[in-house]
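Values in this text are rule-based calculations from the coordinates and carry no lab data. Only a predicted model underlies this, so the values are computations on that prediction, with no experimental measurement involved. Glycine also receives a Cβ, built like all others from the backbone with ideal geometry; neighbour counts cover every protein chain displayed.
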Amino acid sequence: MPSIRTDISSTSAGAAVNGTSDAPAGVEELDVLVIGGGFSGCRLLYELRRRGFKVKLVEAGSDLGGIWHWNMYPGARVDSQYPVYALAVPEVYETWTWTQQYPGYDELQRYFAHIGKVLDLKKDCYFNTKVTAAEWDKATNQWTVHCDTGRTIKTWSLIAAIGFAAKRHFPDWPGMDTFGGTILHSSFWSPDIDYAGKKVAVIGTGATGAMLHFLYAAFANWLR
Ligand SMILES: Cc1cc2nc3c(=O)[nH]c(=O)nc-3n(C[C@H](O)[C@H](O)[C@H](O)COP(=O)(O)OP(=O)(O)OC[C@H]3O[C@@H](n4cnc5c(N)ncnc54)[C@H](O)[C@@H]3O)c2cc1C
């Protein structure tokens, strides 16, 4: 397929912008390792750390946000109203004001930046780091966790806060590999591509497809 991103691994990710993605020479030992930096991973890191556990979070993307880090297509927006779709952590909600009742991805990204700041999460995060394997050692009662950056972590508890959408579906339609244009998956959006005046075909009529149709109609000269 031409120029289409298909995986969350760090080899295809942008530069590390937060925390660290450098792999140390040795093996790090933890009480708990959380995989995933979305709502669930952020809450887990916060709760476990304040209960005294030695805990770290690994995230394949370059920042917190989970689904909201990856889904930045035009129109991506929540469908739950803001009092419901937010972290019930006083430090977060007492210092944050939503500007919309159904916020868009850009506000969600600012919200996750806020969460990271007020809960001081990023010092315990490894970004651009994808877990590729984990083995349980019966003798030591520990997981040995391997990451694509070369980082290795031993931990007695491993939590997969990886959501339901980290593994995307890509069709295998004949001819995709020779298509001359640009193909994008909505959850691997590129803000750098200029669609003005281009012919655009959207495949899919669910919530995402419907929203993209609506927005493209405003600036692409041909839409199907
Ligand atoms: C456009 C959109 C709108 C939505 N709106 C709503 C809504 O209004 N209300 C609602 O309830 N839900 C909504 N959802 C569903 C959303 O998935 C959940 O609400 C929630 O954000 C999921 O959080 P999570 O922490 O469980 O997982 P995610 O946010 O999916 O985070 C999982 C993270 O795990 C990381 N990861 C996965 N595998 C690995 C690995 N091997 N190594 C390292 N990192 C890994 C991923 O990179 C990802 O960042 C929406 C989803 C989308 C796409």
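Between 0 and 90 degrees, the angle of helix 207-219 with respect to the longest Cα principal axis of the chain falls at about 50 degrees. With 20 Å as the limit, the listed pairs Lys56/Lys122; Lys117/Lys154; Lys54/Lys154 have Lys117/Lys154 beyond it between alpha carbons.
Here the chain is treated as a Stokes sphere of Kirkwood radius computed over C-alpha pairs; at 20 °C and 1.002 mPa s its diffusion coefficient rounds to 111 µm²/s. Couplings 3J(HN,Hα) for the range 144-152, derived from phi with the Karplus relation 6.51 cos²θ - 1.76 cosθ + 1.60 (θ = phi - 60°), are 10, 10, 10, 10, 6, 8, x, 5, 10 Hz, where x marks Gly and Pro. By how many degrees, between 0 and 90 and to the nearest 10, does the Cα long axis of helix 39-50 differ from the longest principal axis of the chain? Roughly 20 degrees, rounded to the nearest 10. When only alpha carbons are used to place a centre, the range 20-87 and the range 108-142 end up 5 Å from one another. In the chain, a dipole from Cβ-located charges (positive for Lys and Arg, negative for Asp and Glu) runs towards its positive end, and of Tyr73, Cys42, Ser9 it is Tyr73 whose Cα lies farthest in that direction.
Compared with the dominant principal axis of the Cα atoms in the chain, helix 105-118 is inclined by about 20°. Across the chain, the relative contact order, built from alpha-carbon pairs under 8 Å that are at least six residues apart, equals 30 percent. Under 14 Å from a label point set 7 Å out along the Cα-to-Cβ vector of Arg77, the amide N atoms of the range 172-215 belong to 207-215. Applying a DSSP loop filter and a limit of 16 other Cβ atoms within 10 Å to the trypsin sites (Lys or Arg not before Pro) in the range 129-209 leaves Lys138, Lys167, Arg168, Lys198. Within the listed set Gly175, Gly36, Gly104, the Gaussian network model of the chain (springs between alpha-carbon atoms below 10 Å) gives the highest mean-square fluctuation for Gly175. Ellipsoid fit via the Cα gyration tensor, the range 61-170: semi-axes of 31, 17, 12 Å, each the root of five times an eigenvalue, largest first.
Exposure proxy shown here: for Trp156, Trp70, Trp98, the number of other Cβ atoms within 10 Å sets the order, fewest to most, as Trp156, Trp98, Trp70. Per-residue ellipticity at 222 nm, computed for the chain from helices alone with -39500 (n - 2.57) per DSSP H run of at least four residues, works out to -6000 deg cm²/dmol.
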